[in-house]
Amino acid sequence: MHTGIWTLILVAALVLGLEAGGCLAASPATVDLTNAAVVTLGAGADAIERQAAFMLRWEVEKRTGLDLGQAAALPAANVPAIVVGSIERMPPLPAGARMPQPVMKGGKPAAEGFVLAVDTTARQAPTVYAIGNDRRGALFAVGMLLRKLDWGERKIAAPTDLAISTAPAYPIRGQQLGYRSKSDAYDAWDSAQYAQYIRDLILFGNNSIELIPSMYPGAQEAANPDKNNPLSPWDNTAVVSAICALYDMDVWMWIPLEDHAAENPELRVASLREREAVFAACPRIDAIFVPGGDPGNTPPQLLLPYLKDLTAILHKYHPHAGMWVSPQGFEGEETQYFYEYLRKEQPDWLAGIVYGPGTDGSLEQVRKWTPARYPIRHYPDVTHGMRCQYQIPEWDECWNLTYERQPILPRPTQMAHICNLLSKYTVGTITYSDGIGDDVNKIMFDAMLWDPKADVGEVLRDYGRTFVGPEFADGVADGLLGLEANWRGVALTNAHVPKTLAIWEEMEKRATPRAMASWRFQQGLIRAYGDAFVQGRLKKESASLTQAYAEMAKAPQVGSETAMAAAESILKEGEVPPPETAPGRQRVEDLAGMLFQSIHQQLSVKKYHGSSIDRGAWLDSIDDPVTDGAWLLLQFPKIRAMKTEQEKLAILDRYVNWENMGPGSFYDDLGYWLKEPHLLDVEPFEVNPAHTGGALDVYEGPEFPRQGRLSWVSQTENDGIGDRALRLRYTGLDPKAQYIMRVVYGTPSNPMIQIYFDGKPFGEPKLSDSSNPRMYDFEVPRSATADGDLLVEFRRASGRWVALSEAWLFKKQ
């Protein structure tokens, strides 16, 4: 538990528990609430306060089987009571009742805050006070109580020293729950599952849900069905909006524009009409968020007038809803126009700015560029591990190849760091999410937005206690931290992998049926087993590849065919065994099936109707090659087709000595943090989570990435915004030598890339082809290396991204 909460508990103990002599009164560790009554003001309670009491009773019954009674007044003195309400409508308290004072702000109790305390002095039986500073605060007080309860079959207890007074640091704390096929689970949920997940988020301080509404009811939806949907996307939007209203959750909607909708008069009218239908159908909307791009790609000159008209329509149905916009995708003159418009026009219809992926400038810069009257909301991508806003630092290629872009990826310490580092420029966060593989990340953002000083370990213990069971609180916390540690550093030698598996296996052995039924427990297990399986394969395949290269190196002595035959035999022996024979692999299959049953998580396209491998269906890629062995096997037939033995020996030598181009040569495997010594502008994750100098990506051609070189899967890239160059610097060069610059371009968008030597463009721009790695050689002008130093820059001549997979600088032979 973090220091601030301990301080509050100590203060409360001093108020509630001191005897005359000044010593703390002795008391048991917990108070029994098994027979407690939940007390509200009955008919006099606010609807949300009654909902808070209902949520408490519902969640307790789900966990323990106990149906706590509900009363409009305190029960008999010998009956434990849990008092739920708010300061405005607090139920009558017993004489002598004491609790910590609420957090104050501006001379009044802080919005959404609460007091939660156990009192064992005022009544014969213990009394728990879960009192909100307002109606929402009552919900969050109940949420914190549920996080701290010790519970089991038909029993609950609370810590005797429970005494918390708290309020959130940021007013916006939310998650995007989009009902669309790209999700790994949401698109298969019914209304009950949405309601449950929203309650789960409330427990950790969430107050906002962002939906992705369908614009097309009826026939147009039927033309492009998602076989997982229990409801039509149109109906789901209205249903979840109503669920949020029950819990007083703010309802946001992410509604991008269709391409050309703002510039074509007919499309513009149709687009506004479609959105009006959505506004009319939803019982609650608090804000609309329209991105400038990704998708839509609408320049601000057209987007802003459109949004002004859209705001007027929105206010016909939801007068107090705000219109928010992100400058995602704006570049150069568009960026300048956008901020100049805000400064000059100061539009009253605009509620605020959203900072999302692909925004020009850092969040700090955007705050400086934006007039102070407009708040900024963070929109971080917490669901993807690569090709994303905040990629996993030092993520080994083997994890990328087997788990793809959207795996189960608990990143608790990293998400806490991102949140605390960047939230100071904002009024809060609603994350971008496409499923539940990022569940821990969502919870961590909610917890840190409530209290930036919260201890990550304590939040994770609450997570395990609440969702799996009190006896697993420590194990789940350690296990989730272990899963995060598994994916940072060199996978081949990462000692966290077996240790993390041992943590989860130990919990699995003593898991009750209730614990095993928890989809969050299942997620931890499948990742632990999967990581150990992949690391085991990596060790085996790496050893085989080393032996194969050793055989290939003998080619000048034994001949190319003998060397290749020996290498082929070794590599084929090391190929992936059938799933049912590999240690831990079948357990991964079993758990994937359990996750589909428990929460409809779609870890396979074939088996569970996932939308694609890179959208969470990583069960279809976990057996993919994790070394260059598969790629090497594809090269041998091509080598055999060469005409001369000399050619065959030369290419075999090239593969054996891939990184070494001779004396005085330099090599960078760009995007792989251990092998990019010449890359400039690299900042560590802890300093700048959005710019670590590397990225993981995949080529789209028939051989890639499943049989591609690992050095082509990793790349470094600019962020697709502005004219930012990728830069390499070399020192200690031979002034008399002629150097060759060899590069492999890698990028998802097929741009034309211009190379510069010491600031001067060289030759014509070259194509970067996402379907086939392009390797280019450039003869460096002698004038650029005459002083022994060389700066090489890569800038886009067309397209969006600039990315490099490999680079060599070597002397011309």
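All of the numbers you see were taken from the coordinates with simple rules; none came from a lab. Given the structure is predicted, the values throughout are model-derived calculations rather than measurements. Please note: Cβ atoms are built from the backbone with ideal geometry, for glycine as well, and neighbour counts cover all protein chains shown.
Figures for the structure shown
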{"item": "Label-point separation, residue 729 to residue 539 (7 Å along Cα→Cβ), nm", "result": "4.1 nm"}
{"item": "Whole-angstrom gap from the range 594-666 to the range 344-413, using each part's C-alpha centre", "result": "30 Å"}
{"item": "Rh (Kirkwood; distinct C-alpha pairs) - the range 481-573, Å", "result": "15.7 Å"}
{"item": "Hits among lysines - C-alpha to C-alpha of residue 606 under 29 Å, sequence gap 8 or more where chains match", "result": "182, 227, 442, 539, 540, 572"}
{"item": "Among (i) 1.01; (ii) 0.98; (iii) 1.09, the entry derived from the coordinates for Rg/Rh (Cα atoms, Kirkwood Rh)", "result": "(i)"}
{"item": "Additional length obtainable on full extension of the chain from residue 688 to residue 561, 0.36 nm per residue less Cα span", "result": "40.7 nm"}
{"item": "Rounded to whole Hz, the Karplus (6.51, -1.76, 1.60) HN-Hα couplings of the range 67-82, x for glycine and proline", "result": "9, 5, x, 10, 9, 8, 8, 4, x, 3, 4, 8, 9, x, 9, 10"}
{"item": "Charge context of residue 337, other residues only, Cβ under 13 angstrom, K/R +1, D/E -1", "result": "-4"}
{"item": "With Cα atoms, 0 to 90° folded angle of helix 456-467 axis to the chain main axis", "result": "70 degrees"}
{"item": "Partners for residue 62 among lysines (Cα-Cα distance below 19 Å; same-chain residues under 8 apart left out)", "result": "148, 155"}
{"item": "Whole-number percent relative contact order across the chain, with pairs defined as alpha carbons under 8 Å at least 6 apart", "result": "9 percent"}
{"item": "At R0 = 51 Å, FRET efficiency that the Cβ-Cβ distance of residue 651 and residue 124 yields, to 0.05", "result": "0.05"}
{"item": "Label-to-label distance, nm, for residues given as residue 364 and residue 193 (7 Å Cα→Cβ offset)", "result": "4.2 nm"}
{"item": "Pairwise label distance in nanometres, residue 554 with residue 490, each label 7 Å out on the Cα-Cβ vector", "result": "2.7 nm"}
{"item": "The range 413-501: trypsin sites (Lys or Arg not before Pro) in DSSP loop, at most 13 other beta carbons within 10 Å", "result": "453"}
{"item": "Translational diffusion of the range 66-210, µm² s⁻¹ [Kirkwood Rh, Cα pairs; Stokes-Einstein; 4 °C; 1.567 mPa s]", "result": "77 µm²/s"}
{"item": "Whole-Hz couplings from phi, Karplus 6.51/-1.76/1.60, listed for the range 618-633; x for Gly and Pro", "result": "6, 4, 7, 10, 5, 9, 5, x, 10, 9, 7, x, 5, 4, 5, 4"}
{"item": "In degrees, nearest ten, helix 300-317 long axis to first principal axis of the chain (Cα)", "result": "20 degrees"}
{"item": "Residues in the range 294-332 reached by a label modelled at residue 341 [backbone nitrogen below 14 Å; 7 Å Cα→Cβ]", "result": "297-311, 324-332"}
{"item": "Residue pairs, from the table 648/811; 424/453; 736/811; 675/760; 453/499, whose Cα atoms sit over 20 Å apart", "result": "648/811; 675/760; 453/499"}
{"item": "Total charge dipole magnitude, the chain, about the Cα centre, Cβ charges on Lys, Arg, Asp, Glu only, Debye to nearest 20", "result": "980 debye"}
{"item": "Degrees, to the nearest 10: 47-64 long Cα axis against longest axis of the chain", "result": "70 degrees"}
{"item": "At most 12 other Cβ within 10 Å, DSSP loop - trypsin sites (Lys or Arg not before Pro), the range 571-650", "result": "643"}
